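This report concerns only the one structure given below.
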Amino acid sequence: IIEIIARMTAPFSLNLETGFLVATYPAGATFGPRRLRDFELVWILEGDTTYQHNEREYPAPENAFVLCRPPATD
């Protein structure tokens, strides 16, 4: 299960009403590809996954943080 807990937008302001999103994905699920237009901080709360950034893969185990940066494709 991957849970996305926080989303930050440039220039690093955070709206507490809309700035947080929690998403749960079942095992084997995928998300994307997408072209990033803003920054996004992802916290993997449960389970292990991989993060793909510009066609490269990075391990993202439980409790990892991933900073997604524009204008990348992830």
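The values are calculated or read from the model by the stated rules, or taken from the named source; none is laboratory data. Quantities reported herein were computed from a predicted structural model and do not represent experimental measurements. FYI the Cβ positions are ideal-geometry reconstructions off the backbone, even for glycines, and counts take in every protein chain you see. To get the accessible areas, we keep the full protein, side chains included, count just its heavy atoms, and leave off ligands, DNA and RNA. Shrake-Rupley method; radii C 1.70, N 1.55, O 1.52, S 1.80 Å.
What to note about this one:
- Enumeration of residues in the stretch 13-44 that are in contact with a strand residue (DSSP E or B) (Cβ under 6 Å, 6 or more places away or on another chain), at pLDDT 80 or above, open to solvent by 80 Å² or more (accessible area, probe 1.4 Å) and more than 13 Å from residue 67 (Cα to Cα): 24, 33, 35
- Of all residues making up the stretch 61-74, the number that are open to solvent by less than 80 Å² (accessible area, probe 1.4 Å) and part of a loop (DSSP other than H, G, I, E, B): 5
- Test: residue in the stretch 45-60 that is surrounded by 15 or more Cβ atoms within 10 Å (Cβ to Cβ), hydroxyl-bearing (Ser, Thr, Tyr) and at pLDDT 85 or above: yes
- Subset tally (residues that are of a type outside the set (D, E, K, R), part of a loop (DSSP other than H, G, I, E, B), within 16 Å of residue 21 (Cβ to Cβ) and free of Cβ contacts under 8 Å to residues at least 40 places away in the same chain) for the stretch 33-60: 2
- Note on the stretch 32-52: residues that are under 11 Å from the mean Cα position of the chain (by Cα) and among the small types (Gly, Ala, Ser) total 1.
- Test set (1) modelled with pLDDT under 80; (2) in contact with a Leu (Cβ under 9 Å, 6 or more places away or on another chain) - residue 10 fails condition number: (2)
- Where a residue in the stretch 10-32 is under 14 Å from residue 47 (Cβ atoms) and its partner, wherever it lies, is at pLDDT 80 or above, with Cβ under 8 Å and at least six apart: 27/47; 31/25
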